[in-house]
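Comments concern the structure below.
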Amino acid sequence: MSVDDALLALAAAKGIATAWYDIQGTRRQTTPDTAFCLLRAMGVIDDRQGAAAVLADLQADTGWRPPRAAVLGPGQTLELPEAAGRDWHLDLDRSSAAAAAPPLVEAIGPDGGLRITGLPLGLHTLTLAAGRLSIIVAPHSAPTVEQLTGRGRIWGVTGAVHALWRGGPVEAQPRGRYTDLGDAAAALAGHGAAFFGINPVHALGAAHEGRSPYSPGHRGFLDTRAIPVDGLPTADAAADLIDHEGDRRAHDRALRARFRVEMASDRGAAGVADWRAALGPDRAAALATFATFEALSSTHGPDWRRWPGELQAPDTDAVARFAADHGEEIAFHAWAQMTAEAALANAQQRALDAGMALGLYLDLAVGVRPDGAEVWARPGTFARGVSLGAPPDMFSPDGQAWGLAPFDPAGLAAHGYRAFVDTLQSAMRHAGMLRIDHVLGLERTFWVPDDGTPGGYVASDREALLALVRLEATRQRCLVIGEDLGVVPDGLRQRLAETHLYGCSVAMYERWEGRLRAPWHYSPGTLASFGTHDTPTLAGWWIGRDIDWRERIGHTDPETAADMRRERAGDRHVVMALLAEARLLPDDIDPGTPPADLDEAMIVAVHALLATTAAAIAAVQLDDALGTIEQANLPGTVEQHPNWRRRHATGTGQFAAHPALSRIAEAMASYDR
């Protein structure tokens, strides 16, 4: 067997796709170079010549090994006929063990097999001589809209925390905080919204200078930059853009001043101690590790890969000595997490108290930065030297690398799926709804090597991950939306629908035979919206503002841009026809002549069209309702476009009486029943 053949055979054995289909339906072959890079990222081999030996060992090992996970429904029995189970140990999920009767473990068959009955809901661990098995007992279905709200359909609004402001002089309000989130949710509840959705609020990293909420350092902890503080100076940046880095520095100084005041009182110190004690041992240990990373980053910089070697893992003597010498700094970061938790919990409570059926709709980013706290804190759980991304398509001919570390499926399983579970629990703790960004990653992820080698697909433990989502969603009574845009593997959408994990129907992408699809034909098991945070706004889409940007920064050549504008003109005519068919066009509008831009009446009409959707959930984007032209984020750019720096056009103080919001709410009321 040649080296290349051994690489491809070993890749297939380790869950790397040796061939796949792109968005055009073209079959793509995984090259030996790609196979080598992905195997090396998993830690399977260090050089190409090692593939044959590792493959031979795999083929020679004919002994029984437990699978990574076993997924059961409530009341189901697990049988392992070949377990050789004389020596075994069963650890029950701490969340369910205390309330459940002990399960029954019986020997079966002549080879020392095991039968386990009576397992409660939870993530349990069975340790055998042949290896460790995660046993996931989960409901067959996640909670549904009707189960959680008593309604057949619901609607809500989406925005972003950083883009919120109270009203008055914008330049005096650098960026939104959790208090603004509570204000916005309460005001939107008055319009009848069942939820208010925002971009992720994961921890970005105390020393990290980036601003994208989709590039977090740790998804198990919160963004402390959104903690409300007093005494911040007037922002120096232009009023129409947020100076995130200037705000980070000023906010850090103000937050530390607040910490010193609170810790100077016995009540403040006791509050932190009580909170940490209530976390439980696992969460408290994770907090200590995270706070230590944050303190280390303040001294050595945000990228742990550039720290001294003895600090590049969380359990070294050098890290322990650092922690002993920097107790106050570590305490500050732990306190900041407590404060952020309290502020986000308060925002959720305000939303519910104001009448929202579900309250906050939070967002789970697809991954974490490789230089951040979570990768440092969980050695062996993430792949190294590769980035999550997407294969080439019509919008990104060179493909995409998102700068995020993927889970190594084998490493995630070897650590009992704890990183995934902890992430879900953190994201759902203060949410009535959760969006899972790029839910396709629960079946497979696209890894892009850092050295420029073409990427390839790696299989995930789909049924185990989906079961864990259902389990945590049931425990926390949380509705789950999976962002299922892009190249969707066959059968995934059906599997999501079977288990009541909702998909997405994005109006500008919903097409049938080349034309925009009427909203009344959308799938019921989805959340319908006109666009997302990564697409043009409604007003911007109408005038082709996104095409202008792509051409301006060189992502699209003039000829392609002209073709895109012609296609967009056709889409506008389809929207006009749909509005006319639904009898929603304003009286003074000719259905055959789309207006050059959208006024308030047309914006309301398009949302009334969205309200005809068959989807169980509908979302109105704040920027769409407010007539904003510029979009929040232009994918594929970093500095060429002011991503994540724009504020919403109206302050939260004006939400309750805003004419467009009121009229759109009236239109959505006919849908919400």
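The values are calculated or read from the model by the stated rules, or taken from the named source; none is laboratory data. For clarity, every value in this text was computed on a predicted model and none was experimentally measured. Glycine also receives a Cβ, built like all others from the backbone with ideal geometry; neighbour counts cover every protein chain displayed. Ligands, DNA and RNA are excluded from the accessible area calculation, which covers all protein heavy atoms including side chains. Shrake-Rupley method; radii C 1.70, N 1.55, O 1.52, S 1.80 Å.
Out of (1) 25.8, 83; (2) 29.4, 102; (3) 36.3, 118, which label holds the value of Rg and Dmax of the Cα atoms in Å that was computed here?
Of the listed options (1) 25.8, 83; (2) 29.4, 102; (3) 36.3, 118, (1) comes from this structure.
Only four residue types carry charge here, +1 at the Cβ of Lys and Arg and -1 at the Cβ of Asp and Glu. Report the dipole size of the chain about the Cα centre in Debye, rounded to the nearest 20. Walk me through the numbers on the way to the answer.
Details: 61 positive and 84 negative charges, 244 e Å.
In debye, rounded to 20, the chain gives about 1180.
Along the charge dipole of segment 46-150, Cβ charges K/R +1 and D/E -1, which of Gly63, Pro74, Ile136 sits furthest on the positive end?
Pro74
With point charges of +1 on the Cβ of Lys and Arg and -1 on the Cβ of Asp and Glu, referenced to the Cα centre of segment 184-332, which listed residue (Ala270, Ile330, Val319) lies farthest in the positive direction of the dipole?
Ranked along the dipole, the leading option is Ala270.
Ranking request for peptides 276-283, 311-318: highest mean number of other beta-carbon atoms within 10 Å first, then the rest in descending order.
Working: 276-283: 12.4, 311-318: 14.0.
Descending mean neighbour count gives 311-318, 276-283.
Between 0 and 90 degrees, rounded to the nearest ten: what's the tilt of helix 50-60 against the longest Cα principal axis of the chain?
Computed tilt is about 60 degrees.
How high is the relative contact order of segment 243-369, in percent, counting Cα pairs under 8 Å that sit 6 or more residues apart? Don't skip to the end; give the middle numbers.
Details: 50 pairs, mean separation 25.0, N = 127.
Once normalised by length, the contact order is 20 percent.
If you place +1 on the Cβ of every Lys and Arg, -1 on the Cβ of every Asp and Glu, and leave all else neutral, what size is the dipole of segment 261-336 about its Cα centre, to the nearest 20 Debye?
On the way: 6 positive and 12 negative charges, 31 e Å.
Roughly 140 debye, rounded to the nearest 20.
Angle, helix 32-41 long axis vs. longest principal axis of the chain, Cα atoms, 0 to 90°, nearest 10?
So the helix axis and the longest Cα principal axis differ by about 80 degrees.
Given R₀ = 60 Å, FRET efficiency for Glu310-His573 by Cβ-Cβ distance, to 0.05? Before the final figure, lay out each step's value.
Details: r = 65 Å, r/R0 = 1.09.
Efficiency, rounded to the nearest 0.05: 0.40.
Probe of 1.4 angstrom, ligands and nucleic acids ignored: what's the accessible area per residue over the chain, in square angstrom?
The answer is 42 Å² per residue.
Give, as a single signed number, the net charge of other residues whose beta carbon lies under 14 Å from the beta carbon of Asp422, with Lys and Arg counted +1 and Asp and Glu -1. Could you put the intermediate results ahead of the total?
On the way: positive: Arg94, Arg219, Arg283, Arg378, Arg418, Arg429, Arg475; negative: Asp93, Asp282, Glu374, Glu472.
Summing Lys/Arg as +1 and Asp/Glu as -1 gives +3.
Mind putting a number on the dipole of segment 273-418 about its Cα centre? Charges go on the C-beta only, +1 for Lys and Arg and -1 for Asp and Glu, and I need it in Debye to the nearest 20.
180
Run the numbers on the chain and let me know its relative contact order in percent, using alpha-carbon pairs under 8 Å that are six or more apart.
About 16 percent, as a whole number.
Sort 152-162, 25-35, 286-296, 51-61 for me by packing, meaning the mean count of neighbouring Cβ atoms within 10 Å per residue, highest on top. Walk me through the intermediate numbers first.
On the way: 152-162: 25.3, 25-35: 15.7, 286-296: 23.3, 51-61: 14.1.
Top to bottom by mean Cβ count within 10 Å: 152-162, 286-296, 25-35, 51-61.
Return the calculated 222 nm mean residue ellipticity for the chain, to the nearest 500 deg cm²/dmol, obtained by summing -39500 (n - 2.57) across DSSP H runs with n ≥ 4 and dividing by the residue count. Walk me through the intermediate numbers first.
Numbers: 22 runs with 249 residues, N = 673.
Only helices count here, giving -11500 deg cm²/dmol.
Which angle from 0 to 90°, rounded to the nearest 10, does the C-alpha axis of helix 600-610 make with the longest principal axis of the chain?
Long axis of 600-610 versus the principal axis of the chain: about 40 degrees.
Please work out the C-alpha center-to-center distance from segment 241-319 to segment 545-601 and express it in whole Å.
Answer, in whole Å: 49.
Find how much the distance from Ala288 to Asp111 grows on full extension, using 0.36 nm per residue of separation minus their present alpha carbon separation; answer in nm with one decimal. Show your work: numbers first, answer last.
On the way: separation 177, 0.36 × 177 = 63.72 nm, distance 4.46 nm.
Using 0.36 nm per residue and subtracting the Cα-Cα distance, I get 59.3 nm.
Determine the gain in length on full extension of the stretch Arg260-Asp91; use 0.36 nm per residue of separation and subtract their C-alpha separation, reporting nm with one decimal.
Working: separation 169, 0.36 × 169 = 60.84 nm, distance 4.17 nm.
The Arg260-Asp91 span can extend by a further 56.7 nm.
Treating only the Cα positions of segment 1-110 as identical point scatterers, give the base-10 log of I(q)/I(0) from the Debye formula at each q in 0.11 Å⁻¹.
Cα-only, vacuum Debye calculation for segment 1-110: -0.62.
Between Ala269 and Ala345, how high is the FRET efficiency from 1/(1 + (r/R0)^6) when r is the Cβ-Cβ distance and R₀ = 22 Å? Nearest 0.05.
On the way: r = 21 Å, r/R0 = 0.95.
According to the calculation, E is roughly 0.60.
Extension gain Thr299-Ala414, at 0.36 nm per residue separation less the Cα-Cα distance, in nm?
Details: separation 115, 0.36 × 115 = 41.40 nm, distance 3.22 nm.
This chain segment gains 38.2 nm when fully extended.
Sorting check: for 70-83, 450-463, 413-426, which peptide has the highest mean count of neighbouring beta carbons within 10 Å, and how do the rest follow?
Highest to lowest by the protection proxy: 413-426, 450-463, 70-83.
Could you tell me the extents of segment 267-339's C-alpha atoms along the three principal axes, largest first, rounded to whole Å?
The principal-axis extents, from largest down, are 38, 21, 19 Å.
Return the FRET efficiency for the residue pair Glu171, Glu146: r is the Cβ-Cβ distance, R0 is 41 Å, and the value is rounded to the nearest 0.05.
Details: r = 46 Å, r/R0 = 1.12.
E(calc), rounded to 0.05, equals 0.35.
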